[in-house]
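The values are calculated or read from the model by the stated rules, or taken from the named source; none is laboratory data. Here the structure is a predicted model, which is why all the values come from computation and not from measurement. Cβ coordinates were reconstructed from backbone atoms using ideal geometry, including for glycine residues, and neighbour counts include every protein chain displayed. Each accessible area value is taken on the protein alone, full model and side chains, heavy atoms only, with ligands, DNA and RNA left out. Shrake-Rupley method; radii C 1.70, N 1.55, O 1.52, S 1.80 Å.
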Amino acid sequence: MKYLLILLFFSTISHSQEQIFEVQQIFNDERFPNILVAKNGNIIATWGSTNLICRISDNGGESWGPVIKIAEGINGGGLIVDENSGDIISFVEDNHPPSKVLSYRSVDNGKTWKKNFIKIYPDQNGNMPSMHMNEHGITIKKGKFKGRLIRPSRYYSAGNDKKYYPEHYSNAIYSDDGGKTWFTSNPFPANGTGEGAIIELGNGNLLYNSRRHFSNDGLNPRMRHIAISKDGGENWNNLSVSEFLPDGQKNSDYGLMAGLDIFNYRDEEIIVYTNIDSYDNRSNGMIWASTDQGNTWPIKKKIDEFGFKYSSIAIGRKNTKTEGMIYILYETGKEKNINEYGGGKIVRFNYTWLLNNDD
């Protein structure tokens, strides 16, 4: 009955609104996406495996400005809008982690960037977190920890070789002073995890959705792993494995970075998730939508049937040109070989396209 009610909700979305769905290529090489919408409505797309760069759209994603170099190094993900100040905070690592972490700050909605001097404290095990390559961070909106900045991170052990996978785990870093001092959460309650995403639910809990490429506890590593925090991201509990959300191609345990975000529509809380529905390669990118805090996902729509690899989602802001829109920045394939990396594409679409359940 609950599932039928959710479908009825989607079926009541007005069909009179124009559906918008547009794709543009905005990066021609390299990898590693993060995207968010600044408080003024600027869309900021960060990218890069040798230099952290960004492009900005100030017209709702219709067109994009020139490439802006932020720093040398690999995009560390976790791009954050500090909702308290409006500043944008980015992270970069010298090389593939574990590696030196640096941070940069923009006070003008992504146009210019300056070094952001930060201090990161290790976790309860004495391990320092790595940043690469996680979904954007958030500012907590409710409760005791309102105003806290938090972003997903991970412990890489001595490296990304398969022999270290059993020691890997997801975690998060959080700041209560505007992104100067960062504390590392206790570990996600499963090893072999990494590349996660965090959202704040309507009840104030934080939901952590993580990739997993190694399992030693009998849990399926080919579906996304979920945990909840009730203390502002300091601890992660209630481990579960999604029945609906795949973690990369179906013939592999290796997993895939995914996009995750949340928005409200007609007093309903809607979570959106991006990954692939593919057996043996990184293609057939999809978006899933849930109205019951991720218990079921009745909406599933195709983004790109060809190359679709790492992805990041941003939700538009009220009273800006982005209102009612969703943006996904993703790694695409090459025309003649979807398994090769072909740069970065942006897809933008409105709520009407997503929630009209014509499919």
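Total residues in the range 74-98 satisfying the condition of being polar (S, T, N, Q) and either under 19 Å from the mean Cα position of the chain (by Cα) or modelled with pLDDT under 95 (or both): the figure is 3.
Considering the range 146-257, the qualifying strands (runs of 3 or more DSSP E), each wholly inside and each with 3 or more residues that are not polar (S, T, N, Q), run over 149-155, 169-175, 193-200, 206-212, 223-229, 237-246.
When the residues of the range 96-148 are narrowed to those that are of a type in the set (G, A, S) and touching a Phe, Trp or Tyr at 6+ places or on another chain (Cβ under 8 Å), which ends up nearest to G86 (Cα to Cα)? By that ranking, first place goes to S106.
Restricting I199, I140 to those that are among the aliphatic types (A, V, I, L, M) and either open to solvent by 30 Å² or more (accessible area, probe 1.4 Å) or more than 22 Å from I120 (Cβ to Cβ) (or both) reduces the list to I199. Condition test on S63, is it open to solvent by 10 Å² or more (accessible area, probe 1.4 Å), without any contact (Cβ under 8 Å) to a residue 24 or more places away in the chain and either under 19 Å from R151 (Cα atoms) or of a type in the set (G, A, S) (or both)? Yes; evaluated as a whole, the condition is true for this residue. Checking each residue in the range 99-111 for being in contact (Cβ under 8 Å) with a residue 12 or more places away in the chain and either under 16 Å from N51 (Cα atoms) or under 21 Å from the mean Cα position of the chain (by Cα) (or both) picks out S99, V101, L102, S103, Y104, R105, S106, N109, G110. Selection of first residues in the range 299-315 that are in contact (Cβ under 8 Å) with a residue 40 or more places away in the chain and of second residues that are among the basic types (K, R) and part of a loop (DSSP other than H, G, I, E, B), restricted to Cβ pairs under 6 Å at least 6 apart or on distinct chains, gives the following pairs, ordered by first then second residue: K309/R282. Only residues that are more than 15 Å from the chain's Cα centre (by Cα), within 21 Å of W353 (Cβ to Cβ) and either acidic (D, E) or open to solvent by less than 50 Å² (accessible area, probe 1.4 Å) (or both) were counted across the range 25-46, and they come to 2.
Within the range 267-282, the residues that satisfy the criterion of being in contact (Cβ under 8 Å) with a residue 40 or more places away in the chain and open to solvent by 10 Å² or more (accessible area, probe 1.4 Å) are E268, E269, N281, R282. Looking across the range 326-359, the residues that are in a strand (DSSP E or B), open to solvent by less than 50 Å² (accessible area, probe 1.4 Å) and among the polar types (S, T, N, Q) come down to T332, N350. Taking interchain pairs and intrachain pairs at least six residues apart, which have beta carbon atoms under 7 angstrom, with the first residue in the range 122-139 and under 23 Å from I262 (Cβ atoms) and the second of a type in the set (D, E) and modelled with pLDDT of 95 or more? From the range 122-139, the pairs are M131/E93; M133/E195; N134/E195; I138/E200; T139/D82; T139/E83. Can you say whether T274 is polar (S, T, N, Q) and not in a loop (DSSP other than H, G, I, E, B), as far as the supplied structure shows? Yes; evaluated as a whole, the condition is true for this residue. For the range 308-327, the candidate set comprises residues that are touching a Gly at 6+ places or on another chain (Cβ under 6 Å) and of a type in the set (A, V, I, L, M); within that set, the residue that is nearest to I287 (Cα to Cα) is I313. Checking K100, K146, K115, K119 one by one, the residue that is within 25 Å of N205 (Cβ to Cβ) and open to solvent by 30 Å² or more (accessible area, probe 1.4 Å) is K146 and no other. Just to verify a result, which residue in the range 103-112, among those that are part of a loop (DSSP other than H, G, I, E, B) and not polar (S, T, N, Q), is least open to solvent (accessible area, probe 1.4 Å)? Among those residues, the one meeting the criterion is G110.
Just to verify a result, which residue in the range 88-97, among those that are in contact with a Gly (Cβ under 7 Å, 6 or more places away or on another chain) and touching a residue at least 24 places away in the same chain (Cβ under 8 Å), is nearest to A172 (Cα to Cα)? The qualifying residue nearest to A172 (Cα to Cα) is F91.
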